[in-house]
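S.K.: Here it is, the structure in full.
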Amino acid sequence: MTSRKILFMAALLPFLVVGCSDLETDPTYSDKNHDDMYKNGSVMSDEGGFDIFGGKGKAKGADSAGIGVNAFLWRATLDTVNFMPIQSADPFGGLIITDWYSPPETPNERTKLNIFIRDRDLRADGIKVSVFRQTKDQDGNWIDAAVAPTTSGALENAILTKARQIRLAQKQFQ
């Protein structure tokens with residue numbers, strides 16, 4: 001008996017909703033703001049409105065790829081550190097953290113990188129690399145070690161060079 005009542009109410013609900021559509025609206029209400037908001041298309045259309053991945057109205061290219069940072073720097077960073085295991089990568093915040101990496105030729109030394117892409121523009125100050133280095137002591141414990149002062153700058157320059165190469169290669173195919 002209860003399921004019949006639920007079925008009856010479910011069947012009756014569309015008629016009640018349609019029956020309410022004859023209510024009078026305020027004749028002084030202006031729908032101008034609503035029309036202006038969607039004058040270039042609906043929220044979901046290609047004609048305008050909101051587009052998560054850059055939209056057709058913006059300049060095409062890697063700079064509008066739907067991530068929070070410069071896409072050339074992002075791809076160049078991943079390409080440059082592809083030999084290291086990635087612990088965390090946040091394309092919206094622009095942070096890449098590698099896991100510890102020990103080169104095969106120096107197993108008693110390991111390195112870790114924190115890379116922060118600061119901007120959506122391809123600029124020299126748009127990237128910051130922090131390098132951490134540890135060495136293994138005689139007991140097998142990892143101890144923090146000094147990093148050469150030029151290491152961070154060299155990595156930043158390598159990433160910027162790769163980003164420029166990616167940008168130029170993309171422009172050639174447009």
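Just so it is clear, none of the values below were taken in a lab; they were calculated from the coordinates. Just so you know, these numbers come straight off a predicted model, no measurement behind them. Backbone-built Cβ (ideal geometry, glycine too); neighbour counts: all protein chains shown.
S.K.: Checking Ile96 against (1) buried (at least 16 other Cβ atoms within 10 Å of the Cβ); (2) of a type in the set (Val, Ile, Thr); (3) out of contact with any Asp or Glu (no Cβ under 9 Å at 6 or more places or on another chain): exactly one of these is not met. Which one?
M.R.: (3)
S.K.: Out of everything in the range 102-127 that is closer than 19 Å to Ala146 by Cα and surrounded by 15 or more Cβ atoms within 10 Å (Cβ to Cβ), what residue ends up being farthest from the chain's Cα centre (by Cα)?
M.R.: Glu109
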